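The values are calculated or read from the model by the stated rules, or taken from the named source; none is laboratory data. This one's a predicted model, so the numbers in the text were calculated from it and none came from an experiment. Reconstructed Cβ throughout: ideal geometry from the backbone, glycine too, with neighbour counts over all protein chains shown. Side chains included, ligands, DNA and RNA excluded: accessible areas come from the protein's heavy atoms. Shrake-Rupley method; radii C 1.70, N 1.55, O 1.52, S 1.80 Å.
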Amino acid sequence: MVPKLKQTGGAIAEAVAEPHGVADPNDIELALDSAPISGTQWRIFLLCALIMFVDGFDLQALALTVPYMAADWGIVPQAFSLALSASPVAMGVGGGLLAPLGDRLGRKPLLVTALLLVGSSTLAIAFTESAAQVALLRFVTGAGMGMAAVNALAMTGEYAPARRRFQIMALMTSTFALGAFTAALVASEIIVDHGWRTLYLVGGTAPIALAACFALLCPESIKWLLARRPGDRRIAAVARRLLPGHDAGSLFVRARPPDERRSMFELFAPRYRTRTFVIWLACASGGFALYLLMSWLPTLLIGAGWSDTSALRGAAAIQLGGIAGSLGMSFLVDRGRLLGGLMLGYAGALLSLLAIGLLPASVLLWMLLLVLIGGGTAGMQVVWMSIATVHFPLDLRSTSAGWTSAVSRFGAIASPFAGGAALAAGVSASSMMLMLVVPLGLSAAALLLARRHFAAPGATCAT
């Protein structure tokens with residue numbers, strides 16, 4: 001008898017074997033894992049990756065346009081502090097409260113709805129006339145982003161074969177940073193030549209077009225259909241494309257044995273509390289530093305005498321460093337050099353922040369330093385989130401990952417207000433960069449002091 005399906009974290013949880021170790025070829029998990037990846041699956045992966053890409057593009061857009069909007073409306077840049085914090089707050093709301101509707105209504109309708117929310121609210125910013133209007137619209141945008149990210153990850157995980165799932169989902173997740181990098185890269189051409197409103201026209205049109213593509217080209221998750229609509233005729237249509245020759249009527253999705261979601265307080269049991277404290281400190285300080293840079297860097301660089309084009313490319317350098325840093329540190333971590341990889345990232349970021357704080361604002365030199373800072377902030381956030389999962393036993397991993405993400409978001413929410421206050425106080429770009437040494441330095445020091453708690457993942461994930 002097939003046990004009742006259990007749903008966790010916005011994704012369907014499946015087992016990969018029959019009771020008593022007897023494999024059933026009709027188990028959809030085993031069927032997908034034994035079949036070659038179809039064109040339909042690659043199309044789904046690509047469209048979900050594009051969802052993450054446009055989310056990254058639109059999240060970065062506001063920071064890139066703040067200097068121009070402030071000048072256009074005759075207000076100070078720090079008037080946008082609330083608007084800059086609205087998106088991360090709403091992403092938590094969208095991801096935590098709205099995204100789980102995908103478990104009940106289906107991945108596809110939630111993704112299409114989320115893309116339309118992101119696109120329409122981003123387009124509307126092109127017609128705003130005040131920072132308050134922008135803040136309201138950015139809250140809607142953030143809610144849509146939270147809904148989209150959770151369900152895009154779920155859809156990808158539910159179509160990816162187990163043998164390639166981690167690799168496919170890691171590549172898909174990295175497209176968020178690629179979207180932010182692209183926004184910063186093209187902004188210099190779009191804003192300088194066509195005005196800041198054009199960036200929102202581009203950023204809003206893309207999600208709406210993607211929603212149409214998703215509605216027309218993507219099927220519903222076959223695992224969701226098997227779990228929620230077992231008699232739905234769409235199952236046979238999808239199965240023909242994924243598993244030709246397989247009897248669609250015999251397919252089923254199997255639940256894992258039920259497990260309890262454990263309390264957050266168990267993360268502070270004696271054997272875990274040092275590890276938890278260091279991870280939370282690192283993610284909160286890293287989220288603060290990264291989002292402060294994402295929010296205010298173009299404004300800071302223009303204030304330091306950079307041209308508009310160079311300032312926008314400086315924001316791109318942070319994201320480029322984040323992509324390279326996460327890949328490089330993941331390479332070291334996978335080879336058992338966890339502590340070395342993390343300390344290398346911190347060393348690069350801290351030395352670069354010190355150099356920016358003490359050296360003249362040379363565009364070429366600062367560009368190189370910003371790449372290193374991106375590796376030690378954006379790149380480190382990706383690595384720390386992975387550590388928050390693998391360095392805890394199986395029944396604590398979802399609890400650890402969820403609370404670590406929340407702590408990181410607290411840092412991201414606070415940073416636009418802190419940056420705005422610093423700007424209002426007349427703090428220079430180099431001084432603000434120098435101040436970021438404190439939170440990142442504290443994280444690096446805590447990691448060194450607690451280094452015995454961060455052995456190779458295989459040695460600690462079950463302790």
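Applying the selection to the stretch 126-176, what residues are without any contact (Cβ under 8 Å) to a residue 40 or more places away in the chain and under 17 Å from Val93 (Cα atoms)?
Leu137
State which residue is nearest to Gly314 (Cα to Cα) when the search covers only the stretch 334-347 and only residues that are of a type outside the set (Asp, Glu) and open to solvent by 20 Å² or more (accessible area, probe 1.4 Å).
Ala347
Would you check which residues across the stretch 122-131 are surrounded by fewer than 24 Cβ atoms within 10 Å (Cβ to Cβ) and assigned to a helix (DSSP H, G or I) and list them?
The answer is Leu123, Ala124, Ala131.
Can you say whether Trp296 is open to solvent by 30 Å² or more (accessible area, probe 1.4 Å) and touching a residue at least 24 places away in the same chain (Cβ under 8 Å), as far as the supplied structure shows?
On the way: open to solvent by 30 Å² or more (accessible area, probe 1.4 Å): no; touching a residue at least 24 places away in the same chain (Cβ under 8 Å): yes.
Criteria not met by Trp296.
Pick from Val134, Val150: which is open to solvent by 10 Å² or more (accessible area, probe 1.4 Å) and in a helix (DSSP H, G or I)?
Within the list Val134, Val150, the selection yields Val150.
So, of the residues in the stretch 154-180 that are hydrophobic (A, V, I, L, M, F, W, C) and open to solvent by 40 Å² or more (accessible area, probe 1.4 Å), which turns out to be nearest to the chain's Cα centre (by Cα)?
Phe176
Sort out which residues of the stretch 195-210 are of a type in the set (A, V, I, L, M), farther than 14 Å from Thr141 by Cβ and either touching a residue at least 60 places away in the same chain (Cβ under 8 Å) or surrounded by fewer than 17 Cβ atoms within 10 Å (Cβ to Cβ) (or both), and write them in order of number.
Selection gives Leu201, Ala209, Leu210.
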